[in-house]
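Since the structure comes first, as structure tokens, the remarks are kept for the end.
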Amino acid sequence: MSHTLAYVLGIVILILGIAVSIALHEFGHMLPAKHFGVKVPEYFIGFGPKLWSFRRGETEYGIKAIWLGGYVRLLGMLPPARPGHPDKPGSMIAEAREEALAELGPDEQDRAFYRLSVPRKLLVMAGGILTNLALGIICLTVALGVVGQPGRTTTVASVAQCVSSDIDAGAACTDADPVAPAAAAGLQKADTIISWGGTPTSTWTEVQQAIAAAGTEPVDVVVRRDGTERVLSVTAVRAPRTVLDDDGTPLIGSDGEPVKQLRPYVGIEPSLGTIRTPPSEIPQVVGGAVVQTLKAIVTLPVGLYHAVAAGLGLEDRSADGLVSLVGVGRIAGQVTSAGTGTDTGLPLSVRLFSMLSLLGSLNLALFAFNLIPLLPLDGGHVAGACWEGLRRLWARVRGLPDPGYTDTARMLPVGQVVFYLLIVMALILVWADIVAPI
């Protein structure tokens, strides 16, 4: 597969993943709404011109041309004006109310969304939000527990042919250099190390520890080659190796040169692959991802500031910062095309982990973003339902008449401002992703 084709494939996979996430998000709204009797005339993925649709019962299902979202239309989302508090004729609020209630017949008024009880309103509006949370958790759990995180595996990627004068610098072999222990023992590329000196090894760190523990004594090494286990005898040699700190950076001595230390050397390098996260650790990792996403939403203005600063060249773009769909698409393309057509290409398992993690992160972002308690986001309707519930509870406690539904239509002007701000934010992030990509 060519690099360009693989890059495009990554973007296509991402688009399909987003479409499925949106479809399930809207389904999370529609299912409880229909169950509670709300009239649902439309369920569409995308916006703009209609590409395809079909009707089942009273609902039209379909796909539109611009896949930047989707919607399910619930009738009666906005209540009628309260008696004695009429809207200004021709105003945005008056027109919105009329549109929200227009398709409800005289005998269908009780099917309006605003007539639902507070718990039912919360279930309908939180359905989409919680669907994205569930999808994010599922994607990350599968990525961690089934596919595994990228890491150095116990499968051999390369075998050194000699103990060169400068191992870590990759110095070429000369006739004077002795044969490397791994090559002398018959270790080969693609061998999977099962145990070293009687110590079972399931991670590359365990292999390194076993080599260090064995020193320069001959040890039996069990490898799996072509489905068959073989026992090889390996005798390490002491060779100068560069000392690294906890971050993997070479330590520099007082003479300005990397610090070296004599250590057992065999001459093998691990392959890149995926290592499954133990089930007991997955909740902590996934929970941490959810918390970090929520923090990113809380600090949204700060993240936007840093994106602008990076776009203006005032600072480097952070890999953990905000990103637009353009940036996410670039990342997806890079994941599927990295090293295409070369021996250094990413293994399929690593690419699968990256795509699942990307889709999981996007769903967590949709979950957290929709928690913002402002219209037109789902969180705005959730906040309206919560306020209605508090008002009714307070009236009941004080023995007052039921104050009725919350008039969320009054928040439409604020919602319109929020909508325009979201467009501006999206354009800024697209600009930042073009001029200062992650």
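The values are calculated or read from the model by the stated rules, or taken from the named source; none is laboratory data. All values reported here derive from a predicted model rather than from experimental measurement. All Cβ positions, even for glycine, are placed from backbone atoms using ideal geometry, and neighbour counts span all protein chains on display.
Out of Ala409, Ala426, Ala432, which single residue is in a helix (DSSP H, G or I), in contact (Cβ under 8 Å) with a residue 12 or more places away in the chain, surrounded by fewer than 17 Cβ atoms within 10 Å (Cβ to Cβ) and not basic (Lys, Arg)?
Of Ala409, Ala426, Ala432, the one residue that is in a helix (DSSP H, G or I), in contact (Cβ under 8 Å) with a residue 12 or more places away in the chain, surrounded by fewer than 17 Cβ atoms within 10 Å (Cβ to Cβ) and not basic (Lys, Arg) is Ala426.
With the structure loaded, tell me whether Val72 is in contact with a strand residue (DSSP E or B) (Cβ under 8 Å, 6 or more places away or on another chain) and buried (at least 18 other Cβ atoms within 10 Å of the Cβ) or whether it fails that test.
yes
Matching residues to (1) over 30 Å from Val326 (Cα atoms); (2) crowded, with 20+ Cβ neighbours inside 10 Å; (3) touching a strand residue (DSSP E or B) at 6+ places or on another chain (Cβ under 7 Å); (4) of a type in the set (A, V, I, L, M, F, W, C):
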| site | (1), (2), (3), (4) |
| --- | --- |
| Glu42 | no, no, yes, no |
| Glu58 | yes, no, no, no |
| Trp67 | no, no, yes, yes |
| Asp107 | yes, no, no, no |
| Phe113 | yes, yes, no, yes |
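Any residue in the range 56-85 that is under 18 Å from Ala100 (Cα atoms) sitting within a Cβ distance under 6 Å of a residue that is assigned to a strand (DSSP E or B) and of a type in the set (D, E, K, R)? List the pairs, counting only those 6 or more apart or interchain.
Close Cβ pairs (under 6 Å, with a partner that is assigned to a strand (DSSP E or B) and of a type in the set (D, E, K, R)) amount to Glu60/Glu42; Arg73/Glu42.
All but one of (1) surrounded by 15 or more Cβ atoms within 10 Å (Cβ to Cβ); (2) under 30 Å from Leu352 (Cβ atoms); (3) free of Cβ contacts under 8 Å to residues at least 60 places away in the same chain; (4) not acidic (Asp, Glu) hold for Val12, so report the exception by its number.
Val12 satisfies every listed condition except (1).
Limited to the range 218-236, what total is found for residues that are in contact with a Pro (Cβ under 9 Å, 6 or more places away or on another chain), assigned to a strand (DSSP E or B) and surrounded by fewer than 16 Cβ atoms within 10 Å (Cβ to Cβ)?
1
Which number in (1) touching a residue at least 60 places away in the same chain (Cβ under 8 Å); (2) in a strand (DSSP E or B) marks the one condition that Val207 misses?
Val207 satisfies every listed condition except (2).
If I ask for residues that are out of contact with any Gly (no Cβ under 9 Å at 6 or more places or on another chain) and modelled with pLDDT of 85 or more, which ones from the range 78-91 would you list?
Scanning the range 78-91 gives Leu78, Pro80.
Within the range 343-395, can you find the residues that are touching a residue at least 40 places away in the same chain (Cβ under 8 Å) and aromatic (Phe, Trp, Tyr)?
The answer is Phe353, Phe367, Phe369.
Could you identify the single residue in Val302, Val291, Val298, Val243 that is without any contact (Cβ under 8 Å) to a residue 60 or more places away in the chain, closer than 19 Å to Ser164 by Cα and surrounded by fewer than 17 Cβ atoms within 10 Å (Cβ to Cβ)?
Step by step, each of Val302, Val291, Val298, Val243 is checked, and only Val243 is without any contact (Cβ under 8 Å) to a residue 60 or more places away in the chain, closer than 19 Å to Ser164 by Cα and surrounded by fewer than 17 Cβ atoms within 10 Å (Cβ to Cβ).
Looking at the range 193-205, can you tell me whether even one residue there is at pLDDT 90 or above, in contact with a Cys (Cβ under 9 Å, 6 or more places away or on another chain) and assigned by TED's automatic domain parsing to the domain that holds Gly267?
No, the conditions are met nowhere in the range 193-205.
Could you list all residues from the range 172-203 that are surrounded by fewer than 20 Cβ atoms within 10 Å (Cβ to Cβ), touching a residue at least 12 places away in the same chain (Cβ under 8 Å) and closer than 21 Å to Gly273 by Cα?
Gln188, Lys189, Ala190, Thr192, Ile194, Ser202, Thr203
Looking at the range 177-190 only, could you name the residues that are touching a Ser or Thr at 6+ places or on another chain (Cβ under 7 Å) and assigned to a loop (DSSP other than H, G, I, E, B)?
If the condition is that a residue be touching a Ser or Thr at 6+ places or on another chain (Cβ under 7 Å) and assigned to a loop (DSSP other than H, G, I, E, B), then Asp177, Lys189, Ala190 are the ones that fit.
When you check Ile66 against the structure, is it among the hydrophobic types (A, V, I, L, M, F, W, C), modelled with pLDDT of 90 or more and either within 30 Å of Ser280 (Cα to Cα) or not assigned by TED's automatic domain parsing to the domain that holds Asp226 (or both), yes or no?
Taking the combined requirement at face value, the residue does not satisfy it.
Take Thr155 and decide whether it is assigned by TED's automatic domain parsing to the domain that holds Arg224 and either part of a strand (DSSP E or B) or under 20 Å from Phe353 (Cβ atoms) (or both).
Yes: the conditions hold for Thr155.
From Gly333, Gly327, Gly313, grab the single residue that is of a type outside the set (A, V, I, L, M, F, W, C) and in contact with a Phe, Trp or Tyr (Cβ under 6 Å, 6 or more places away or on another chain).
The unique qualifying residue is Gly333.
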